[in-house]
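In what follows, a single structure is set out as structure tokens and then discussed.
None of the figures in this text is laboratory data; all of them are computed from the coordinates on show. Everything quoted here is computed from the prediction, not taken from an experiment. Here Cβ is always computed from backbone atoms with ideal geometry, including for glycine, and neighbour counts include all displayed protein chains.
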Amino acid sequence: MDFNQAVLLVGGMGTRINSPKFGEKTKVLLKLGGKSILHRNMEILRDQLDIKQFYLVVGANKEIIQEFFGSGEKFGIKIEYVESNPNHGIADALYTTKNKIKGKFILMLGDEFYLNFDHSTLKNIPEKNFDGIITFIQSTNPQSILNNYSIKTDDNMKILCLEEKPLETINDMLGLGTFVLFDSIFDYIEKTEVNPRTKRKEIIDVISKMARDKIILAHQLYGTYVNINNNNDWLIAKYLYNQQNFNSFKKSLIIPVYNEVNSITFVLDDFKDVVDEIIVADGGSTDNTIEKIKNFNHPKVKLVQKKFLGYGDALRNGIDLASGDIIILVEGDATFRSRDIFKMYEYIKDCDMVMGTRTTRELIAQGANMNSKLRFGNLILAKIIEVFWWNDGGSRLTDVGCTFRLFWKSEYDSIKNNFIGIGPEFSPEMMIEFLRNNKRIIEIPVSYYKRIGGASKHSESVFDIARTGFKMLGIILKKKFR
């Protein structure tokens, strides 16, 4: 069976996520791996079903969608935009294309996430006497079925009835938002009543009504599916995508150094096998640190030498030069170990930044290499950030100064122009900017060892601790009240 046209519904009431944490976002434009859900769905139809003509039914979001996708030429397709009242149901939204569609077409809801799906199997269905096809997957999660629609068929997979958001499940068939329809569907939209529960015309009600007169078939698809109804669904979709593709993501390690001759070789050797790239940002070492790095002579290691303005400046320069999808920050003094990175890799699949913490009771009991003043200062400042930006994320924070952290470079790049910190204050500033821009942070304990050689530039004495603390507090207050 061949297809040459598709309708994607991307502008109804259900196309936005709105919450204190995430703000208001158009769901179809939420990105996974640098591509929006809508972009990915159009690629499925283009690449698996060879469709080139797309009709996008848009509402209040028309301008932002049209700005990105334009005519579709740069994506190898042709896009025509059709406007619909965002308060209308899916059936009425589809009806706006009545004068555009002739014959057979694919209908897809724009805010459904399909991972590794086999939509191409629709092409294998022989051309025969049928008037439509609905698609489904098998699911052991009854709530997913209740959130979509239920399906009842006979032994030949002919639809007997469909129910939009049923009150109970009748089998393990989870209805999907991908359909094969004909232009005869428009007559049935006119005949179908408004759903008494949703107060709108639902396409599932239309197809169910049509199935009483005509042959509508059910076709099973396979893959990982998430219907993006709310923020939690979106987080699940991100996690599933990141988990599926994690081994293909490049990991870049950034190490700021200044006179770390006794430890740098150990740090490079410890981390070299768990990352793909190591950028050492040297701020003008006067000992043999540079010679140690050069003598290490490893293809993953890149040395950047510059008179950086401070700790934050060194990190920001290193991040800008990194080519990885995931950025890892550690110190050059061997206070952190690579063995912690694997649990951080697991958590980064489920958030935008993983923060290490050195202040947990377990680490204190183990004698973590922090004196009580330093531990208390980090904890208090972290709690100030937590309280100030509580409504922007609600992350639990206990260590404002832990360098060991992971984050997605794409998320960092989207806010990089907000950063002003060039010294140790860059550490809390990063946390603040991630929170205030609705990015998810997870904090987990990491091991913290005694420095190998030298002394900390920020916490060696009470004076150093106080000076660093005031810099951090200053950036917190500036970000909050200016």
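Rank by packing, highest mean first: peptides 311-320, 121-130, 149-158, with packing defined as the count of other Cβ atoms within 10 Å averaged across residues. Working shown, then result.
Numbers: 311-320: 21.7, 121-130: 11.0, 149-158: 15.7.
Highest-to-lowest ranking by the protection proxy: 311-320, 149-158, 121-130.
Report the label-to-label distance for Lys128 and Gln305 in nanometres (one decimal), using points 7 Å from each Cα along the Cα→Cβ vector.
Label-label distance for Lys128 and Gln305, simple model: 7.5 nm.
Sort Val261, Val400, Val387 so that the residue with the fewest other Cβ atoms within 10 Å of its own Cβ comes first and the one with the most comes last.
Values: Val261 20, Val400 28, Val387 10.
Ordered by Cβ neighbours within 10 Å, fewest first: Val387, Val261, Val400.
Using only the alpha-carbon atoms of region 234-287, report the extent along each of the three principal axes, biggest first, to the nearest angstrom.
Cα extents, longest axis first: 49, 20, 13 Å.
Just to check, using Stokes-Einstein with a Kirkwood Rh over alpha carbon pairs, what's the diffusion coefficient of region 249-481 at 10 °C and 1.306 mPa s in µm²/s?
Working: Rh = 17.6 Å.
Calculated translational D: 90 µm²/s.
For the chain, what ratio Rg/Rh do Cα atoms give with a Kirkwood hydrodynamic radius? Display every interim value, and only then the final one.
Details: Rg = 27.3 Å, Rh = 25.3 Å.
Rounded to two decimals, Rg/Rh equals 1.08.
Taking Lys123 as the anchor, which lysines have their alpha carbon closer than 26 Å to its alpha carbon, excluding any fewer than eight residues away along the same chain?
Answer for Lys123, where 26 Å is the Cα cut-off: Lys35, Lys52, Lys74, Lys78, Lys98, Lys100, Lys102, Lys104, Lys152, Lys158, Lys209, Lys214, listed by chain and number.
If we count other beta carbons within 10 Å of each Cβ, what is the order of Trp390, Trp234, fewest first? Display every interim value, and only then the final one.
Details: Trp390 12, Trp234 21.
Ordered from fewest to most neighbouring Cβ atoms within 10 Å, Trp390, Trp234 come out as Trp390, Trp234.
Between Ile170 and Ala466, what's the calculated FRET efficiency when r is the beta-carbon distance and R0 is 56 Å? Round to 0.05. Write down the numbers at each step before the final one.
Details: r = 67 Å, r/R0 = 1.20.
For Ile170 and Ala466, the calculated efficiency is 0.25.
At R0 = 35 Å, how high is the FRET efficiency between Lys373 and Lys343 if r is their beta carbon distance? Nearest 0.05 is fine.
0.80
So for the pair Glu67, Asn295, with labels modelled 7 Å out along Cα→Cβ, what separation do we get in nm?
5.5 nm
Within region 217-314, report the trypsin sites (Lys or Arg not before Pro) that DSSP leaves as loop and that have at most 14 other Cβ atoms within 10 Å.
Numbers: sites: Lys238, Lys250, Lys251, Lys272, Lys292, Lys294, Lys300, Lys302, Lys306, Lys307; in loops: Lys250, Lys272, Lys300, Lys306, Lys307.
Passing sites in region 217-314 are Lys250, Lys306, Lys307.
What's the exposure ranking of Cys351, Cys161, going from fewest to most Cβ atoms within 10 Å?
Working: Cys351 23, Cys161 16.
Placing the least packed residue first, the sequence is Cys161, Cys351.
Please grab the % of Cα pairs in region 5-244 that end up more than 33 Å from each other. Display every interim value, and only then the final one.
Values: 3085 of 28680 pairs.
Within region 5-244, distances greater than 33 Å cover 11 percent of Cα pairs.
Suppose only helical runs count, i.e. DSSP H with n ≥ 4. What mean residue ellipticity at 222 nm does that imply for the chain under -39500 (n - 2.57) per run, divided by all residues and rounded to the nearest 500 deg cm²/dmol? Don't jump to the answer; show the numbers that get you there.
Values: 16 runs with 157 residues, N = 482.
After summing the helix terms and dividing by the residues of the chain, the value is -9500 deg cm²/dmol.
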